[in-house]
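For reference, the structure discussed in these notes is given below.
Just so you know, all these numbers are worked out from the coordinates, no wet-lab data involved. Keep in mind that this is a model prediction, so the values were computed, not measured. Here the Cβ positions follow ideal geometry from the backbone for every residue, glycine too, while neighbour counts run over all protein chains shown.
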Amino acid sequence: MADVLEAVKVSRSFDVSKPWLQRMLSRSGRRSLRAVDEVSFSIPKGTTLSLVGESGCGKSTVARLAVGLYPPSSGDIRFEGQSLSSARAQPALRRRMNMIFQDPYASLNPRWRVQDIVAEPLRAFGMLRGSAVGDRVGQLLSQVGLSPADGAKYPHEFSGGQRQRISIARALSSEPDFLVCDEPTSALDVSVQAQILNLMRELQTRLGLTYLFISHNLSVIRHMSDRLGVMYLGRIVEHGPAEAIFTEPRHPYTRLLLDAIPDLDAAGGVGRVRAGVGGEVPSPIAPPPGCTFHPRCPLANDRCRVERPDYTQAGPVEVACHAVEEGRG
């Protein structure tokens, strides 16, 4: 199965110096934040790769890199083998990818009617003209479970779930092959989340879509994913088939995330006590040397404190962990 999107050792840094220091200091004297650190992955056509991790781990930055909203500081993003950095001015390629954002209200222009919001990509890419635009908008609204008559309304007239359906319709209007879904259900009620996720799975099957799915909700991740990447401080620390990682996690950080899921079916009906973890997430401006997870890791040794781990194949998954490499994990 051919890969739709491939990331090859992609990194992205941001200058976080004070504005007046940016003007005065040389580049070598500025403070930078490495939000994404040599991330590599590939997504075969028609599948879903999900990225999960704590807030600030870099997963949303990866999402923006994947659709070209940010250029990488190093490395390359390739769409069907073609570098995005060399194809930025090619509308035919840009049309084939789109994004569904986290907050459906903030991502919709409140001054526009829904029909204009959904039609914007059609007009921007010159795909349709005249009455054909209105017909296509009606089809798209029906496709996501709304009525064509809803096109005459404004975003504030809809519920949160309905607004996210509008966002999905807009994302589909340019007939993309690839969608980045940046926490598309986190702003919705739980019952509505399930409806939106089922809609996205149905559309993926029907239209052959490929997803990069970003979330911190592991239940959502398990429902949506074919493959899973676990991120910590800008780096993917475990990567492989989603079910294999949920069934037998290898990296200590992955185990921490899974242990934090409450078990409501535990004996006595009181639920499992959440496993604690010492320390806090280090500053990404000054990350620890060696394995960046070592200050919080129960398996850390002296090697972990000084040497950055390479990837080790552990069954069907790749893990960046000295303990797994040494047989201690």
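Taken about its Cα centre, the chain carries a charge dipole of about 1140 debye when Lys and Arg each add +1 at the Cβ and Asp and Glu each add -1 at the Cβ. Net charge dipole, the range 167-246: roughly 40 debye, given to the nearest 20, about the Cα centre with Cβ charges of +1 for Lys and Arg and -1 for Asp and Glu. Adding -39500 (n - 2.57) for every DSSP H run of four residues or longer, then dividing by how many residues the chain holds, sets the calculated 222 nm ellipticity at -8500 deg cm²/dmol. Basic side chains Lys and Arg get +1 at the Cβ, acidic Asp and Glu get -1 at the Cβ, and with that the dipole of the range 120-196 about its Cα centre reaches some 260 debye.
Put simply, the amide H of Ser50, placed in the peptide plane, has neighbours under 5 Å in Phe213, Asp226, Arg227, Leu228, Gly229, leaving out anything fewer than 5 places away on its chain. Listed values (i) 131; (ii) 170; (iii) 317 include one computed from this model; for volume of the Cα convex hull per residue in Å³ that value carries the label (ii). Database remark: amide H of Tyr232 closer than 5 angstrom to the amide H of Val237 (H placed geometrically; neighbours at sequence offset of 5 or more, or on other chains; Pro and chain starts carry no H). Taking packing as the residue-averaged number of other Cβ atoms within 10 angstrom, the listed peptides 138-151, 305-318, 238-251 run from highest to lowest as 238-251, 138-151, 305-318.
Under the simplified labelling scheme, the Glu38-Glu326 pair shows an inter-label distance of 2.0 nm, with each label point 7 Å from Cα along Cα→Cβ. Computed packing ranks the peptides 208-220, 107-119 as 208-220, 107-119, most packed first, by mean other Cβ atoms within 10 Å.
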